[in-house]
Structures are given as structure tokens and as C-alpha cells.
Amino acid sequence: MQKRFTVVGAGSVGIGVALHLQQRGFRVVLIDKSLPASQTSYGNAGVINASSFMPLNNPALLGKLPRLLLNNHAYLRYSVPHIVKNTPWCYHFLRACTRRKSEETCRALNALCSGALDEHRALMQRCGNMHRLSQNGWLKLFRKAGPLQADSKEAAVLDAFEIPYRAVSINDIRDLEPHLKPVFSGGYLLSDSSSVNNPAMLLREYVEQFLRDGGEFVQSSVQSIRETVATGSGGFTLEIGNDSLPAENLVVCAGPWSADMLKPLGYKVLLGFERGYHQHFKLASGASLTRPIHDMDAGYILAPMEQGIRLTTGVELNHRDAPSNFSQLQQVLPRAKQALDITEPTEDPVWRGCRPTFPDSRPVIDQAPRHENLWMAFGHQHIGLMSGPVTGKLLAQKISGETPDIDLTPFNASRWVS
Ligand SMILES: Cc1cc2nc3c(=O)[nH]c(=O)nc-3n(C[C@H](O)[C@H](O)[C@H](O)COP(=O)(O)OP(=O)(O)OC[C@H]3O[C@@H](n4cnc5c(N)ncnc54)[C@H](O)[C@@H]3O)c2cc1C
């Protein structure tokens, strides 16, 4: 009899885990309170860029801190009460800005991300949705020299990891994206970077394939998880509404909700929230954008999507469920309009999501410390759309006793799960 796995959370990570467990012959039930990919995995910038391994909390952040503490930069905002309530997370997040810690994270995430595009491509081939992928790079652009342009340090990291990129001049920018206005003085093109034109649809199409291959999707909110037999080796019971669902083997992939979900099982998880927003805009007649661009000085990304041009914001450190604060979006919108002829917003509402982030900016991909039938995959911060499928592969390899493609020690649970 095949083992049965229940995966909670149908975001990029949970979908990746479900598909890879299924590929190894397990029976898999995927549960989500909403439609698949309705939360963080819905609203990201759609970038699949293996070189996005440099964490936000790198040594350069400390240099930018005096400026960022003014709490008026689009790159990073914070809620003071949230920071005060979450000093352990903030303390460890800032401690990880040392060169040694940051390099450790770069190496770990580089290993994780290096197989990410291949995994997406393999899934797209299986699902017949390769048309969603554009492989024409990601433009990181600077307006002028300034304090935040110290990000050319990123170039040094790209060199160290032998990531292909090429510096672009004003003329290059015009050739690559003729409809960008001449506000940028230069930048670089990450030529191996790819992007997708609708992250939620991409992932929902993966789920359709999972269903065609015999997987099961249950749309229900998991209110609580308890051990069926309190021994650490038995299964679990998921409370869903007035009903309950047995789960012999459980994988928690609930992104920013994962810590809440694990609380009833006695786990304390030091997971933080980096919130972000997006809004879709129409393009003026005749204008176009063919790849995502990152306006490094103004702190936003513009990405061409099926729904329009998606303007995504930087980081807001605040509780997952606190009311929205649109100030970053309002701040970057005029700057985005300087760069590209976007006109009115489409009818979609402004979207808010929440990057789930551990203090060292590395996800947990591991067995739970005290339950042999419980597994964890969450905390993918800014790179979870890209690394969901590869995470699924690595965890499925570990679960099924294969040697994972990469060393999973940097992603162990004991770092932040007690
Ligand atoms: C503005 C922004 C831009 C980004 N850009 C990029 C990018 O360009 N490239 C990239 O790779 N990443 C990007 N990211 C990061 C990426 O979106 C996340 O890392 C990723 O989506 C996390 O996936 P996940 O599956 O862990 O979480 P989620 O997608 O949030 O999935 C968790 C799931 O758990 C479900 N769930 C929660 N509680 C329950 C419950 N009680 N019962 C049942 N189900 C439950 C939720 O409904 C949800 O579907 C961006 C993020 C933001 C916010």
C-alpha cells in the first residue's frame, strides 16, 4: 500500500512538494483554504532568477540603515509596534548581516536556486504551459549615483558566483526596451534570468496536472492540527470546519501561516513577515515592456503580466494581518510613470502579500524536530515562486530516502524551530 501524504498549503512550495511526492509514487492530498496560489504565490513579480540568492540582510543593509530608519524609503518600511513586539526576529535578522553569515546564506541559496529554472521547465513541459515563460533576462537599472547605489556590491557577488550579467548603457537600455523613458543612466542585464506572465495561473496549471495524475485537492481551512496518537510517531488529525481529516504523514507548506499552524503541536517558529504590494496598470497605446525591470534607486519592479503591467513594491516589516499601508505603492507610482508610459490601473484591486522570512533568509526544508511523520517547507522570502518546485524535489528526495541533489544542512529546522 502506497504511503499517503497530506500537504497543507497550495502555494508555490506546497504545489512543488505535492507534485514531487506524487512523482515518487506516494498518494498525495493537497489542502488549501483558498484556490491554489491565491496568497503570496499569486502576487509576486514572476521573476525566476537563479542569482537572487543575495539576502536582503546583507552587509550593505547596515550601511543603508540610518537612511532606512527614517522609515520613508520605498525600499523598506517598518511598523514600530511590530518591530518592538518582534525584537528576537529583528535582532537575529540584523545579526545575519555580517559578511560571514551573508556569504553562508548566499552559498546555500545559490545551491537551492541553481536548479530552480530546470524544475520549472520540467513542470511546464509536463503541464504544457511553457508559453508562460520568457527567457529574456531581468534589467536592474540605476537613475544616478547615490547612497543606495552601493548595490554595485551585488555585481561583486555575481562575479564571485560566476553569474552571467552584462553592464548596460543608456543606448543598450533603449535597444532592449525602446519604450522605457530616458530616466536611467545605466545598469545591468541578468541575461540568464527568466520570468512568467501570470504566476497564479502557472501554478494552477501545475495543480491541474497533479489532479490529472491522480492527486486530490481539498479546499478547506485547517483550523488546528493535533496528533492522533501523542507519541511523535503516529499520524495527525486536521480540524477543518465541523469535520476532521486524518493525515498519516503531513507536510506543512503554509508560507506565512506556517508558524501558527505548528503551534498546536508545540512548535515555536521564529518566522517573520516581509509584506509587499502590487497593482496592475494599462500601458499607453503603442508602449510595451518585454521583461521585468528593477528600478534600483526608486525601489520597485515593473513586470509585464497577462493582467497588465504589474508594479510591485519593496519590503514592509509588519504583521501579516495588519491593515494595508499603501504609502510605498503611492510613493513609487510617480517614479514608475517617469520610467514607462503606464496609464490607469486595471480593475484588479491592489494586492497585498507577505513574504515568509526566517532571520537568516533561508527557508526550512526538513523533517520536524520531534515528529517523524511531520515535514516542513516554508520561509522562502523573496524567492519562493522560483524555488517552490526545486524545494519540492529536495524534500521529496529526503522523505523517500534518496540523497538530495544538494546538502540540506543549511535549511535544517533546528535553526529557528524549537
Ligand atoms: C511583492 C512580492 C514580490 C515577489 N516577487 C517574487 C519573484 O519575482 N520571484 C520569486 O521567486 N518570489 C517572489 N516573491 C516571493 C514569493 O512570492 C514567495 O516566497 C512565495 O510565494 C511563498 O510561497 P509559499 O508557498 O511558501 O506561500 P504561499 O503562496 O503564501 O502559500 C501558502 C498557502 O497556505 C495556505 N494556508 C494558510 N493557512 C491555511 C490554513 N489554515 N488552511 C489551509 N491552507 C492554508 C494559503 O492559503 C496559501 O495558499 C515575491 C513576494 C512578494 C510579496
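The values are calculated or read from the model by the stated rules, or taken from the named source; none is laboratory data. Small disclaimer: the values here were computed from a predicted structure and weren't measured. Virtual Cβ from ideal backbone geometry, glycine too; neighbours counted across all protein chains shown.
Could we say that VAL350 is β-branched (Val, Ile, Thr) and crowded, with 23+ Cβ neighbours inside 10 Å here? When the stated conditions are applied, VAL350 does not pass them. Considering the conditions (1) crowded, with 22+ Cβ neighbours inside 10 Å; (2) in contact with a Cys (Cβ under 8 Å, 6 or more places away or on another chain), ALA108 is excluded by exactly one of them, (2).
Checking every residue in the range 301-319 against the condition of being buried (at least 16 other Cβ atoms within 10 Å of the Cβ), in contact (Cβ under 8 Å) with a residue 12 or more places away in the chain, at positive phi and not aliphatic (A, V, I, L, M) gives at least one match.
Select from the range 24-38 the residues that are buried (at least 23 other Cβ atoms within 10 Å of the Cβ) and assigned to a loop (DSSP other than H, G, I, E, B) and list them in ascending order. Answer for the range 24-38, where residues must be buried (at least 23 other Cβ atoms within 10 Å of the Cβ) and assigned to a loop (DSSP other than H, G, I, E, B): PRO36, ALA37. Being within 19 Å of the chain's Cα centre (by Cα) and either within 23 Å of PHE281 (Cα to Cα) or surrounded by fewer than 24 Cβ atoms within 10 Å (Cβ to Cβ) (or both) holds for only one residue in HIS371, HIS382, and it is HIS382.
Conditions (1) closer than 28 Å to TRP351 by Cβ; (2) within 16 Å of the ligand (Cβ to nearest atom); (3) in contact with a strand residue (DSSP E or B) (Cβ under 9 Å, 6 or more places away or on another chain), marked per residue:
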| residue | (1), (2), (3) |
| --- | --- |
| LYS144 | no, no, no |
| PHE161 | no, no, no |
| ASN197 | yes, yes, yes |
| GLU205 | yes, yes, no |
| GLU227 | no, no, yes |
| PHE236 | no, yes, yes |
| GLU239 | no, yes, yes |
| GLY255 | yes, yes, yes |
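All of ARG204, ARG166 fail the test of being charged (D, E, K, R), out of contact with any Lys or Arg (no Cβ under 9 Å at 6 or more places or on another chain) and at pLDDT 95 or above, apart from ARG204.
Restricting attention to the range 320-330, the residues that are part of a loop (DSSP other than H, G, I, E, B) and free of Cβ contacts under 8 Å to residues at least 60 places away in the same chain add up to 4. Contact annotation: residue pairs with Cβ atoms under 9 Å, 6 or more positions apart or on different chains, pairing a residue in the range 404-416 that is assigned by TED's automatic domain parsing to the domain that holds ALA259 and surrounded by 20 or more Cβ atoms within 10 Å (Cβ to Cβ) with a partner that is in a helix (DSSP H, G or I) and of a type in the set (Ser, Thr, Tyr), are PHE411/THR391. Checking HIS73, HIS20 one by one, the residue that is farther than 19 Å from GLN381 by Cα and crowded, with 23+ Cβ neighbours inside 10 Å is HIS20 and no other.
Applying the condition of being of a type in the set (S, T, N, Q) and modelled with pLDDT under 95 to the range 14-56 and asking which residue is nearest to the ligand (Cβ to nearest atom) yields SER52.
When ARG362, ARG355, ARG335 are checked against the criterion of being of a type in the set (D, E, K, R), crowded, with 19+ Cβ neighbours inside 10 Å and under 30 Å from LYS144 (Cβ atoms), a single residue qualifies: ARG355. Selection within the range 304-359: residues that are hydrophobic (A, V, I, L, M, F, W, C) and within 26 Å of SER258 (Cβ to Cβ). The member of this set that is farthest from the ligand (Cβ to nearest atom) is ALA322. Of the residues making up the range 370-404, those that are of a type in the set (Val, Ile, Thr), over 19 Å from ASN57 (Cβ atoms) and within 16 Å of the ligand (Cβ to nearest atom) are VAL390, THR391.
Starting from the range 233-261, keep only residues that are within 15 Å of VAL13 (Cα to Cα) and in contact (Cβ under 8 Å) with a residue 60 or more places away in the chain, then list their pairs with residues that are aromatic (Phe, Trp, Tyr) and near the ligand (Cβ under 8 Å from one of its atoms) whose Cβ atoms are within a distance under 9 Å, requiring at least 6 positions of separation or different chains. Pairs found: VAL252/PHE378; CYS253/PHE378; ALA254/PHE378; GLY255/PHE378; PRO256/PHE378; TRP257/PHE378; SER258/PHE378.
Name the pairs: first residue in the range 26-45 and within 15 Å of HIS382 (Cβ to Cβ), second residue assigned to a strand (DSSP E or B) and near the ligand (Cβ under 6 Å from one of its atoms), Cβ to Cβ under 6 Å, at least 6 apart or on different chains? Going by the 6 Å Cβ cut-off, the qualifying pairs are THR40/GLY353; GLY43/HIS278; GLY43/GLY353; ALA45/THR312.
Taken as a whole, the structure places SER195 among residues that are modelled with pLDDT of 95 or more and of a type in the set (S, T, N, Q). The set of residues in the range 76-90 that are touching a helix residue (DSSP H, G or I) at 6+ places or on another chain (Cβ under 7 Å) and either surrounded by 15 or more Cβ atoms within 10 Å (Cβ to Cβ) or free of Cβ contacts under 8 Å to residues at least 40 places away in the same chain (or both) comprises LEU76, ARG77, CYS90.
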